[in-house]
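Where a number appears in this text, it was derived from the coordinates with a stated rule and is not lab data. As the structure is a computational prediction, the values presented were derived from the model and not from experiment. Note that we place each Cβ from the backbone using ideal geometry, even for glycine, and neighbour counts take in every protein chain shown.
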Amino acid sequence: ATLAHRIEERVTSATSATAASSACSSLQRMRRAIPTIAALVLASAAKMQGAPLRQLHDPDTGLSALFYMPPAAAEPLPLLLYLHGAGESGRELRDLISEGATGTPPVELEHGTALPFLAKHFIVVAPQTDHGWRPAEVNKFLDFLLSSRAGLPIDAARCYVTGHSMGGGGALHAAAAKPSRWAAVVAVAPAGGPRAA
């Protein structure tokens, strides 16, 4: 090999050793920073999330629900009652915030990505059914939510019902059965025909 080639090999070898040493040093600094970064991410997520979703159960209808109440809720607040679609049917409440339920009010509240106005000014209740939404059952569940047994400071004049797919149909049917009970209904892609009361 020529002299130029041997010099090039030594420079490459020295450069590789320096680069490896530098990369190793950077990796060690990153490893030391990981716990700090993780703590900051968790703190940010907790701050964005507000109050976590909690559970309640209505003994009269047998419906269980996840609910959200803004922190420091002192005065009566409006209610957003969210009725899930068929994909979240069952008896496992955590299914209401599963990956398949992306974009729903309970999911957005759980992940701290809900619209700030919703998170600050609404009580949100998401019941779960395993048999579809019956108008009489939804309206009886509203009676429970408005009672002292539920312990929620809901303004009875500002109760809104919404839902997606099967839940959208359920919202329409519940509001049609007792229109004076609801301030508004918003059905998203409603599915299902009229149901018996």
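Return the loop-located GluC sites (Glu not before Pro) in the range 55-131 (DSSP other than H, G, I, E, B) with at most 16 other Cβ atoms within 10 Å of their own Cβ; answer none if there are none.
Qualifying residues, ordered by number: GLU92.
Using the crude model of +1 on Lys and Arg Cβ and -1 on Asp and Glu Cβ, and no other charge, please compute the dipole size for the range 92-163 relative to its Cα centre, in debye to 20.
320 debye
Which residue, chosen from ALA65, ILE97, ASN139, occupies the Cα position most advanced towards the positive end of the dipole of the range 58-182, where the dipole is computed from +1 (Lys, Arg) and -1 (Asp, Glu) charges on Cβ about the Cα centre?
Sorting the options by dipole projection puts first ASN139.
Please give the length that would be gained between ASP95 and ASP130 if that part of the chain were fully extended, namely 0.36 nm times their separation in residues minus their C-alpha to C-alpha distance (nm, one decimal).
That pair, ASP95 and ASP130, stretches by 11.4 nm at full extension.
Out of the range 104-163, which trypsin sites (Lys or Arg not before Pro) are coil in DSSP terms and have no more than 14 other C-beta atoms within 10 Å?
Loop-located and lightly packed - ARG149.
State the answer as a single residue: which of TYR160, ALA177, GLN128 lies farthest towards the positive end of the charge dipole of the range 125-197, with beta carbon charges of +1 for Lys and Arg and -1 for Asp and Glu, about the Cα centre.
ALA177
Using a Förster distance of 22 angstrom, determine the FRET efficiency expected from the C-beta separation of ALA74 and THR113, and round it to 0.05.
0.30
Taking the range 44-197 as the region of interest, what is the percent of Cα-Cα pairs per 5 angstrom bin, listed from the shortest bin to the one with the maximum distance?
2, 10, 20, 25, 22, 14, 5, 1, 0, 0
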